[in-house]
Amino acid sequence: MALIVHKYGGTSMGSTERIRNVAKRVAKWARAGHQMVVVPSAMSGETNRLLGLAKELAPAKTNSAYDRELDMLAATGEQASSALLAIALQAEGMPSVSYAGWQVPIKTDNAFTKARIESIDDARVRADLMAGRVVIVTGFQGIDPQGNITTLGRGGSDTSAVAVAAAMKAAECLIYTDVDGVYTTDPRVVPQARRLKTVSFEEMLEMASLGSKVLQIRSVEFAGKYKVPMRVLSSFTPWDIDIHEEAASGTLITFEEDEKMEQAVVSGIAFNRDEAKISVLGVPDKPGIAYQILGAVADANIEVDVIIQNLSKEGKTDFSFTVHRNDFARTMDLLKDKVMPVLGATEVSGDAKICKVSIVGIGMRSHVGIASKMFKSLSEEGINIQMISTSEIKTSVVIDEKYMELAVRALHKAFDLDQA
Ligand code: ADP
Ligand code: ASP
Ligand code: MG
């Protein structure tokens, strides 16, 4: 008997029929003798629907009064699915109770729409488990020090689940979703993608941060920090499959390098269309330029990702970097109004139609020539590389958005990731 956390994503909770299936699966685990805590997402499409209503009434703003209401609104999606799941479990003859984030409580900071979990008090949940109830902890939401409802950023119920598992020292956190594990790349883009039986925590962290939306990055950070055993698996297998078979399915996130069974140099390919590129042209090449440009951007609380500075010609240089597309217009305005006049740059240009494609693998540490193989493969497809960024276990390139799928497929093949 163990304490197990299950998390079910939006598609898995997408209709009353699916919720009934989730309830039957959870009841099976409880009847096998486990203490069960379940973290559901909102029903699929619900978060987008709610945020869309807000946008109809007022265009997106960046002030905390507006963001506070977005969290009030978006948190209702998860609250509804939590209550529905508890009702479905009770209908299966399984005692169950659901709690909103504030009732647990899951305490967060006050960064509305992207709050961070600070602590979880598990006393109430433990008391219910001891009384033989399945406890539903509402995903994606928490409460800030002033008592406001907060949400954890899109995809945040993964993080709720792992944080609850860490706080309660659960034996395992099982993330049930609409694919049967973590693949070498998004199987919706590359049908030849292969499921990984295991993926190292470091690789998963890179893949999540580079755009693989299968797990929210903060959930992987939590799993790493607290060494939470974690598995990604399908909620679409029949609910009554053998529990041992189910428990061994999907993809296990491992913390030991030598546990890694698939010894490919490159384990996966991630991509992301969420960034935009900005270039400041003709800036004088002298000390402090990077600071003057990026310091102003950082002061406006805008995160910068890939950065390049070209060689200087006649004392002038070009400086380019990427930001999130949501920050694109704001960054362009800031540079044109405040930075360009001071620096004496000739032009600020922007391009939102870019994407970042990355190869990830801990095997890259001990192998040379991996990046050049990537560049060769892209050149054979006639794809121009605009920017490059590397770390020990990844190489990313920024390319024209229209070549994204072509690039991902070519790299998937070049690094022998296609299914046999
Ligand atoms: P949920 O609603 O269950 O949280 P998400 O849509 O957030 O589900 O995440 C699952 C989706 O992630 C899959 O449907 C798949 O399209 C996408 N995905 C992206 N990259 C990968 C990958 N490397 N492996 C598996 N799925 C991936
Ligand atoms: N419902 C939220 C979202 O759509 C959180 C989640 O699904 O994890 O982003
Ligand atoms: Mg998700």
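Here, each number is a calculation from the coordinates, and none is a lab measurement. Because the structure is a prediction, the values reported are computed rather than measured. Note that we place each Cβ from the backbone using ideal geometry, even for glycine, and neighbour counts take in every protein chain shown.
Some notes on this structure:
- Basic side chains Lys and Arg get +1 at the Cβ, acidic Asp and Glu get -1 at the Cβ, and with that the dipole of the chain about its Cα centre reaches some 400 debye.
- With the Kirkwood sum run over all distinct C-alpha pairs, region 57-105 has a hydrodynamic radius of 12.8 Å.
- Reduced Cα scattering model of region 18-175, Debye log10 I(q)/I(0), q = 0.08, 0.10, 0.13, 0.20 Å⁻¹: -0.22, -0.35, -0.58, -1.23
- Trypsin sites (Lys or Arg not before Pro) within region 176-273, DSSP loop, no more than 16 other Cβ atoms inside 10 Å: ARG188, LYS197, LYS213, LYS227, ARG273
- Here the Gaussian network model covers the chain, with springs between Cα atoms less than 10 Å apart; of GLY142, GLY52, GLY77, GLY52 fluctuates the most.
- Theoretical ellipticity at 222 nm over the chain - DSSP helices of four or more residues, -39500 (n - 2.57) apiece, nearest 500: -10500 deg cm²/dmol
- Residue (of LEU73, LEU84, ILE117) at the positive-pole extreme of region 55-179, dipole from beta-carbon charges: ILE117
- Max mean-square fluctuation residue, GNM over the chain, Cα-Cα springs under 10 Å, options ILE385, ILE217, ILE241: ILE241
- log10 of Debye I(q)/I(0), alpha-carbon scatterers only, for region 336-417 at 0.19, 0.23 Å⁻¹: -0.81, -1.05
- Beta bridges from DSSP with both residues in the chain: antiparallel share about 65 percent, rounded to the nearest 5.
- Proximity of backbone amide H atoms, modeled 1.01 Å from N, is registered between SER98 and ILE136 at under 5 Å, excluding neighbours fewer than 5 places apart on the same chain.
- Relative contact order (%) - criterion: Cα under 8 Å, at least six apart; region: the chain: 14 percent
- Two tests apply to each whole DSSP H helix in the chain, Cα reach of 24 Å or more along its axis and mean Kyte-Doolittle hydropathy of at least 1.6, and none passes both.
- Region 98-160 - convex hull of the alpha-carbon atoms, volume per residue in Å³: 67 Å³
- Contact order normalised by residue count of region 1-115, Cα under 8 Å, 6+ apart, percent: 29 percent
- Each other residue within a Cβ distance under 13 Å of ALA74 adds +1 if Lys or Arg and -1 if Asp or Glu, for a net charge of 0.
- Whole-Hz couplings from phi, Karplus 6.51/-1.76/1.60, listed for region 186-199; x for Gly and Pro: 4, x, 6, 9, 10, x, 7, 4, 10, 6, 8, 6, 9, 9
- Overall Cα dimensions of the chain - principal axes, largest extent first, Å: 78, 53, 33
- Lys, Arg +1 and Asp, Glu -1 on Cβ, resulting dipole of region 81-134 about Cα centre, debye, nearest 20: 80 debye
- In the distance distribution for region 300-365, Cα-Cα pairs more than 19 Å apart total 45 percent.
- Euclidean distance between Cα centres, region 35-99 to region 191-240, Å: 23 Å
- Percent of alpha-carbon pairs separated by more than 16 Å within region 146-188: 57 percent
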